[in-house]
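Everything on this sheet refers to the single structure shown next.
Just so it is clear, none of the values below were taken in a lab; they were calculated from the coordinates. If you're wondering where the values come from, they're calculated on a predicted model, not measured in any experiment. Backbone-built Cβ (ideal geometry, glycine too); neighbour counts: all protein chains shown.
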Amino acid sequence: MGTHETSSDLEDQKRSWINNPWFYTGIVLFLVGLLFYVLIHPQRLPMSFERGPLQSVGSHYLFGPYPTDEEWVALKNAGVTHVISLLDPRLPHEGYLIDQERALTQRLGMGYENIPMLSILNYDPFGENVRKADQVVKMLQEKEGQGKVYIHCYLGRHRVNFVKERLIQKP
């Protein structure tokens, strides 16, 4: 008998590879790692398509998404003196970004506050988010005339718009 394999042997090898739980574990770990990588870099594809625009309210307030490295410098050059982050540290990717922006704002000489709000996935318009948005609005009113303030969430679409609407509604 030779060492050539029969089609039955090849089929058995295919089945053993596909039935190996380590194969699926590896795929799951790869996909989780890829998802985390995409989430901690909101300026990369596919998240970049979902980033909201930079919006201003009056001459003191800017609203938008988590800034890219270049946008951090542009914000500083535009006169932003304080950053209010709405990122929620209970979300692992946002917790990572909070650590990054704390260091960046300190290095750029900007003030920093984190007032976590629930993401759109846990949107609660009659509870915690209303209280947090009002806290941000009060802080903004206290900082009026002390320089420009940049308020952001992850994508700059939901939480910042909620805060912006609350700011516009306040006298």
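Remarks
- Pairwise Lys count, the range 53-169 - Cα closer than 16 Å, eight or more residues apart or different chains: 6
- What separates the Cα centres of the range 128-169 and the range 52-96 is a distance of 11 Å.
- Note on residue 134/residue 31: beta-carbon distance plugged into 1/(1 + (r/R0)^6) with R0 of 41 Å gives a FRET efficiency of 0.55.
- Gain in span if fully extended, residue 141 to residue 114, counting 0.36 nm per residue against the direct Cα distance: 8.1 nm
- Where a label projected 7 Å from the Cα of residue 103 along Cα→Cβ would reach, residues of the range 69-88 with amide N under 17 Å: 69-70, 72-73
- Shape category assigned to the range 63-171 from the gyration tensor of Cα positions, a/c cut at 1.5: oblate
- Across the range 65-118, C-alpha contacts under 8 Å between residues 6 or more apart give a mean separation that, scaled by the residue count, equals a relative contact order of 44 percent.
- Spin-label model, residue 43 to residue 74: label points 7 Å out along the Cα-to-beta-carbon direction sit 0.9 nm apart.
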